[in-house]
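Derivation of every value follows stated rules applied to the coordinates shown; laboratory data play no part. This one's a predicted model, so the numbers in the text were calculated from it and none came from an experiment. Cβ sites come from the backbone with ideal geometry, for glycine too, and all protein chains shown count toward neighbours.
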Amino acid sequence: MSGRDAPTNTARGHGYKSRSTYPLTAAMTDNKPARPMHEEGLPTAPGAPSEKAPLDARANGASMDGTVVSERGGVQKGKEGGGGLARHVSHKPDLVSNSNARLANPLGDLTDDEVMNNAAEFARANNLDVELFRKGGLIAKRPSRFEMMSELSEQDKEVLRREITHKWDQPWILYNLVIACSVAAAVQGMDESVISGAQLFYPKQLGIGSGVGRDSWLEGLINGAPYLCCSVACWFTDPLNHFLGRRGTIFLTATISFLTCIWAACTDTWWHLFIARFFLGVGIGPKSATVPVFAAECTPAKIRGGLVMQWQMWTAFGIMLGYVADLVFQNVPDKPHITGLNWRLMLGSAGFPALIVMSQVFFLPESPRWLMSKGRYQKAYASMLRLRGKPLLAARDVYYIFVLLEEEASIVRGRNRLWEMFSIGRNRRAVLGSTIVMFGQQFCGVNALVYYTASIFTAAGFSETSALLASFGLGLINFLFAIPAIFTIDRFGRRPLLLITFPLMSILLLFTGLCFLIPDEKARTGCVALGIYLYAMAYSPGEGPVPFTYSAEVYPLYIRELGMSLATATTWTFNFIVSLTFPSLVNSFTNTGAFGWYAAWCALLFVLILFFLPESKGFTLEELDQVFSVPTGVHAKYQLYNIKWHFKHYILRSKEPHRALYQFDENDMTEEEKEAQEMARGMGGGGH
């Protein structure tokens with residue numbers, strides 16, 4: 001392969017099959033190492049092309065913004081004729097090690113003319129509206145100063161004002177996309193709860209009903225079979241998404257989920273039931289990794305958390321619906337030649353939500369970011385236009401995503417992507433954060449309750465029917481208390497929700513475990529139910545929605561499928577461990593010891609989240625590259641400072657000013673500009 005035809009680092013990192021047609025791509029990455037933090041204001045390198053050099057000349061040595069990479073690897077800025085005034089020092093963060101915790105717009109070092117010219121070249125190269133992308137590029141550079149831009153019409157400015165004041169006013173197709181795909185979560189939600197009701201019946205019929213020794217382990221193995229498979233099947237996410245896209249992957253896995261639920265309902269031995277439920281994991285695993293990523297890639301940053309968390313909300317809805325199925329089918333009598341029709345209907349009903357997903361998914365737009373990863377910019381813009389509703393907003397987002405992906409390419413080494421997840425600091429910190437929250441979702445103890453709610457309540461003194469009714473109460477609370485998180489997850493952030501709810505969950509699990517020691521049966525059943533319900537109220541707005549939302553956000557595009565595969569493999573592996581071990585844990589340590597075990601984990605997870613979980617609220621997916629380039633030690637050290645500052649401020653009444661973690665580099669606004677901006681916001685009226 002000749003040097004001219006060799007793929008760039010960007011091509012390898014983003015999945016392009018050939019050199020990008022946009023000159024900036026080749027100039028930034030063509031046969032060069034990862035770009036260092038560059039200094040500007042240096043004299044032009046000898047022989048460097050000017051800003052007005054032909055495009056093919058720039059593609060051979062300089063980017064469209066005049067950047068020249070010298071033989072020594074330094075980066076310099078040239079002006080026409082080699083002279084001109086020195087440019088200001090670049091404030092672009094180093095995406096390899098951002099030890100100063102700087103966050104900056106990568107377009108901030110370019111003049112307005114440079115940005116608009118670059119955006120115009122991008123549009124021409126991809127047969128898009130040139131004038132529209134000139135405006136979009138300018139807005140991407142200075143999103144908060146659009147009121148002062150003479151290039152924008154009053155109609156353009158009104159579109160941007162409304163975006164600020166009515167952030168929930170989005171095209172219906174965006175909400176349809178998020179909800180239609182998130183309904184897929186109801187499959188595993190229903191499976192988790194229908195197995196809770198079914199296990200009151202199927203163990204006896206299948207000859208494993210003693211509840212002790214080998215039978216208790218087999219019961220746990222059957223209950224956790226889908227999630228044992230998920231821990232392996234999640235790794236199919238990357239190849240499936242590569243060849244089928246987000247929509248194709250969701251359709252295929254929803255189909256598998258439906259068929260395997262019907263299969264499980266037709267089994268007649270414990271090992272046959274185990275096999276059917278095991279293959280259910282082939283549908284659940286890649287789907288659980290793809291749907292949150294699909295939603296995250298399609299939603300605006302300001303409301304991304306509230307929409308991506310629909311995955312957890314519909315999981316909670318599925319859990320509630322599964323308990324309804326348990327109640328509806330528990331007393332269904334057997335028919336001729338059909339024994340155990342009640343538990344078979346319970347297991348089969350979990351496949352119904354998958355049919356809804358299958359019928360809608362191909363009517364939805366494909367992820368613009370996935371299309372851009374394949375170099376399909378026209379289709380990416382068309383998809384973004386359906387999702388944003390306004391051409392100006394779609395052009396701004398597509399161009400800004402493109403520029404940030406080019407910046408992201410500076411960390412790509414072109415080696416094995418799985419290795420780069422751990423060898424590159426920015427990726428490694430994303431792995432650490434998503435692993436903590438995904439592990440925490442299982443070892444906070446919630447699925448031990450969901451899988452074995454009926455058994456826990458019967459152990460506390462409930463009858464079978466009362467236990468199923470009490471289990472439905474848990475599902476209802478889990479669903480209802482997830483609804484506030486739609487608004488709080490983007491208003492307060494991911495970290496605060498976790499840091500508030502984990503201590504509460506620890507206390508409530510300990511309380512519930514101790515309630516099993518109450519000798520009076522009525523008092524014991526009431527206190528156990530109270531403890532479990534209060535625990536669900538704490539879990540649902542915090543550790544319920546955050547893990548899948550957070551994990552779908554934090555990985556760069558070129559390893560996003562692999563990263564989400566690792567995240568979901570983590571949660572499903574430990575989900576299986578919890579479901580497998582809980583019956584034996586109760587047999588060995590009693591309910592009190594089992595609940596105390598998970599209470600201790602909640603306390604430990606609070607500490608891990610405090611020190612090792614960066615916030616992702618409010619940033620675009622590509623801007624998070626800068627957040628996760630901050631070294632873990634810098635982040636942890638700041639949290640120690642933050643604890644000390646709050647103690648001194650609120651206890652010792654110190655007047656020491658608070659220091660923020662991230663240093664934002666923004667262009668200075670004049671007082672007149674600030675006044676105009678405030679006036680524009682006032683004219684916009686109230687938001688939703």
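What to note about this one:
- Anisotropy class of segment 172-627 from Cα gyration tensor, a/c 1.5 cut: prolate
- Stretching the chain fully between Gln639 and Phe362 yields a gain of 95.2 nm (0.36 nm per residue, less the alpha carbon separation).
- Listed pairs Lys167/Lys617; Lys135/Lys379; Lys302/Lys644; Lys379/Lys617; Lys141/Lys637; Lys141/Lys167 exceeding 23 Å between Cα atoms: Lys302/Lys644; Lys379/Lys617; Lys141/Lys637
- Neighbour-count order for Leu385, Leu371, fewest beta carbons within 10 angstrom listed first: Leu385, Leu371
- Comparing Phe317, Tyr533, Ser434 along the charge dipole axis of segment 172-627, the residue lying farthest to the positive side is Ser434, per the Cβ-charge model.
- Ascending count of other beta-carbon atoms within 10 Å, so fewest first, for Asp326, Asp520: Asp520, Asp326
- Modelled spin-label separation between Phe611 and Asn416, with each label point placed 7 Å from Cα along the Cα-to-Cβ direction: 3.1 nm.
- Counted residue by residue at 0.36 nm each, then reduced by the alpha carbon distance between them, the extension gain from Leu499 to Leu652 reaches 52.8 nm.
- When each of the peptides 562-570, 164-172, 244-252 is scored by how many other beta carbons lie within 10 Å of its residues on average, the order from highest to lowest is 562-570, 244-252, 164-172.
- Computed over neighbours whose Cβ is under 15 Å from that of Ala448, the net charge equals -3, Lys and Arg +1, Asp and Glu -1.
- Here segment 565-598 and segment 442-481 have alpha carbon centers that stand 15 Å from each other.
- Among Cys230, Cys515, the order by Cβ neighbours within 10 angstrom, fewest to most, reads Cys515, Cys230.
- Of the Cα atoms belonging to segment 466-547, the radius of gyration and Dmax stand at 14.0, 45 Å.
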